[in-house]
Amino acid sequence: MIRNPVLPGFDPDPSIVRVGDDYYLATSTFEWYPGVRVHHSRDLVNWRPLGGILTERRLLDLSGVPDSGGVWAPDLTYHDGLFHLVYGVMDNYALGYKDVTNYLITAPSIEGPWSDPVRLPGRGFDASLYHEDGRSWLLNMVFDSRPGRGFAGIELQSLDGGKPELILPNRSVTEGPHLYKIDGWYYLMVAEGGTGYEHGVTVLRSRSMSGPYEEDPAGPMLTSRHDRSLELQKAGHGCLVRTQSGEWYLSHLMARPYHNGRCVLGRETALQRVTWEDGWPRVAGGVPAVEVAAPELPAHPWPASEGWNGSPSAGGLGPDWSTLRRPASPDWLAADQDGLTVQGGQSPYGLRTPSLVARRVTDRRCSLETVMRFEPDSVHQWAGIVAYYNSRNWHYLAVTADGLVLTTSDQGTRTEHVLGPAGGPVGGTAGGGVELRVEFDGPVVRFNHGPDLDATILSDEHADEFIDGKVRAFGFTGAFVGFWVQDLAGEGCSARFEQISYRT
């Protein structure tokens, strides 16, 4: 059986593609490096992380992007012996505007090397490619920034030139288009209802690529909007794949809310089995299932990873780890099989050069622990362990010049608890390090020092902020745990993290 989510924790907007016997899932990464995470499977049951595609500033510059800006909804396809990756970089989405640029890169292998980015046409986001007879077309939703407007439908444009065509007017926050040609029909799959609890997947078809498109009379292919008792909520943003034996599956995002409706784990990736009825692709009941029959493929589990970073014999971060707004590079980060050395960066609210190395929270109950070696020289330096959602919402246990300090930022409002000196009775080790631990226990975040804290402020719903009914900030990511170092005076301080262990 396939057990959903197949990618637990923050991994939304999945684009799935099969190349021979290999399946790849590409997901959104927003303000985190490396951009566009990829997972690999050979049976649709067992998935292994390959890391991200956009690993350097040549391919992606996230400096200064807002929380939940950056890489939105990538599209991964394979055509004429090349992988094609389309991705949008959102520099601003607030107060009625969407400043987004779409790019295309290609590579002969999923490992690269990837070409330099080519800027694509397009007047919106969620761009994807459709290939047919040696040609390629670009689809994207259209965004109209005039007052009172917004989502304006789905456009289609040949990459050989020509003007874009509006092939589907906006219906209900219509976005996330994918196009397929099957048995003489063009099937247009779109996301509708917004990416929250009203989300869904709609399928329309036409005999002509440019339409007109008629909707499946059975209604949405997939949604959980009508049943809040379902374990998997927010189901939407779908993408189809066909197995070697002709079976069909749908990848889609979903979320698992806590008791108060907040989704700390963010939007995750699931798979559903698809059958064809009366010429339409359908999911049983039109709702997401936790357990799904696997395809008729040989089982292919992957070896368990070893070491804190999954690659004990090689330097560098493993594929489960990410860095915030700047790529992992030797000028501020050194990783080896024994741990990490992190040079300090901006304050927790800085959007250009933060020094945060973290991994996704993948279970309601999990923990990260380490032994940290750090000696602050001034009040401008601190380092420690963090439970993080975005720059305005986090819980942070840090060694500072004042001792051990636990700080919460709740929509930008800080609360501090000074817990005592950094060594001795509050966690010093014989080797001079400080033991640090953060644990998620359902709705509670608990450090090895200090009071229990509210985990649900680290959620999509809590991160959403509006001013006079207009978006100030979105919550599109998910909770992380990691290591954070600040050096506000730029004096070159660094912290060493060893004995790193993440457990679920």
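What relative contact order, as a whole-number percentage, does the range 321-503 give when Cα pairs under 8 Å and 6 or more residues apart are counted?
Working: 444 pairs, mean separation 59.5, N = 183.
Over the range 321-503, the number comes to 33 percent.
Among the chymotrypsin sites (Phe, Trp or Tyr not before Pro) in the range 317-377, which ones are in a DSSP loop with at most 14 other Cβ atoms within 10 Å of the Cβ? Mind listing them? Mind showing how you got there, number by number?
On the way: sites: W321, W332, Y349, F374; in loops: W332, Y349, F374.
Passing sites in the range 317-377 are Y349.
Taking amide hydrogens as modeled 1.01 Å from N in the peptide plane, which residues meet the under 5 Å criterion relative to G69, leaving out close sequence neighbours?
For G69, the qualifying residues are E31.
Given a cut-off of under 8 Å on Cα pairs at least six residues apart, what relative contact order in percent is computed for the chain? Intermediate results must be reported in sequence, preceding the final value.
On the way: 1410 pairs, mean separation 74.3, N = 504.
Over the chain, the number comes to 15 percent.
Could you please state, rounded to a whole Å, how far the C-alpha centre of the range 367-399 is from the C-alpha centre of the range 152-221?
A separation of 45 Å, based on Cα centres.
Once you have the Cα-Cα distance between E198 and Y97, take 0.36 nm times their residue separation minus that, and quote the gain in nm to one decimal.
Details: separation 101, 0.36 × 101 = 36.36 nm, distance 2.24 nm.
Length difference between fully extended and current span is 34.1 nm.
Could you list which residues have their amide H under 5 Å from that of A401, counting only those 5 or more apart in sequence or on another chain, with H placed in the peptide plane?
Placed amide hydrogens put Q381 under 5 Å from A401.
In nanometres, what is the gap between the two model label sites at E215 and E491, each 7 Å from Cα along Cα-to-Cβ?
My value for the distance between the label points is 6.2 nm.
What are the ³J(HN,Hα) couplings of the range 114-129, residue after residue, when phi is run through the Karplus curve with 6.51, -1.76, 1.60 and θ = phi - 60°? Round to Hz, x for glycine and proline.
Running phi through 6.51 cos²θ - 1.76 cosθ + 1.60 with θ = phi - 60° gives 9, 5, 5, x, 10, 6, 9, x, x, 10, x, 10, 6, 6, 8, 10 Hz.
Let me know the whole percent of all Cα-Cα pairs from the range 321-503 that are separated by more than 27 Å. Walk me through the numbers on the way to the answer.
Working: 3609 of 16653 pairs.
Tail fraction, whole percent: 22.
Sorted from fewest to most neighbouring beta carbons within 10 Å, what does the list K470, K234, K98 look like?
Values: K470 10, K234 28, K98 20.
Ranked by crowding around the Cβ, least crowded first: K470, K98, K234.
Considering amide H positions built from the backbone, and no H for Pro or chain starts, which residues 5 or more places from M221, or on another chain, come under 5 Å of its amide H?
V201, T202, V203
Please rank D410, D67, D183, fewest neighbouring Cβ atoms within 10 Å first, as an exposure proxy. Let's see the in-between values first.
Values: D410 16, D67 21, D183 7.
Starting with the residue having the fewest Cβ neighbours, the order is D183, D410, D67.
How do I53, I182, I105 line up, fewest other C-beta atoms within 10 Å first? Show your work: numbers first, answer last.
Numbers: I53 26, I182 14, I105 23.
Lowest count first: I182, I105, I53.
Within the range 259-355, which GluC sites (Glu not before Pro) sit in a loop by DSSP and count at most 16 neighbouring Cβ atoms inside 10 Å? Walk me through the numbers before you get to the answer.
On the way: sites: E268, E277, E291, E296, E306; in loops: E296, E306.
Those satisfying the criteria are E296, E306.
For the range 33-142, run through the chymotrypsin sites (Phe, Trp or Tyr not before Pro) and keep only the ones in DSSP coil with at most 16 other Cβ atoms within 10 Å of their Cβ.
Numbers: sites: W47, W72, Y78, F83, Y87, Y93, Y97, Y103, W114, F125, Y130, W137; in loops: W47, Y93, Y97, W114, F125.
Qualifying residues, ordered by number: Y97.
How far apart, in nanometres, would the label points at A293 and D80 be if each is projected 7 angstrom from Cα along the Cα-to-Cβ direction?
3.9 nm
Before rounding to the nearest 500, sum -39500 (n - 2.57) across all DSSP H runs of length at least 4 in the chain and divide by the residue total; then give [θ] at 222 nm in deg cm²/dmol. Could you put the intermediate results ahead of the total?
Values: 1 runs with 4 residues, N = 504.
That calculation yields 0 deg cm²/dmol at 222 nm.
Taking the Cα centre of the chain as the origin, how large is its charge dipole in debye, to the nearest 20, when only Lys and Arg (+1) and Asp and Glu (-1) carry charge on their Cβ atoms?
On the way: 43 positive and 62 negative charges, 88 e Å.
The dipole of the chain has a size of about 420 debye.
Within 10 Å, count the other beta carbons around each residue, average over each peptide in 203-209, 156-162, 444-450, and list them highest first. Don't jump to the answer; show the numbers that get you there.
On the way: 203-209: 16.7, 156-162: 14.0, 444-450: 19.1.
Sorting 203-209, 156-162, 444-450 by mean packing, highest first, produces 444-450, 203-209, 156-162.
Using Cα positions and a limit of under 30 Å, work out the lysines in reach of K234, with same-chain residues fewer than 8 apart set aside.
K98, K181, K470
At q = 0.11 Å⁻¹, what is the log10 ratio I(q)/I(0) for the chain, with the Debye formula run over Cα points and no solvent?
-0.91
Read-outs: derived from the displayed coordinates by stated rules, not from any lab. Being a predicted model, the structure only gives us computed values, none of them experimental. Virtual Cβ from ideal backbone geometry, glycine too; neighbours counted across all protein chains shown.
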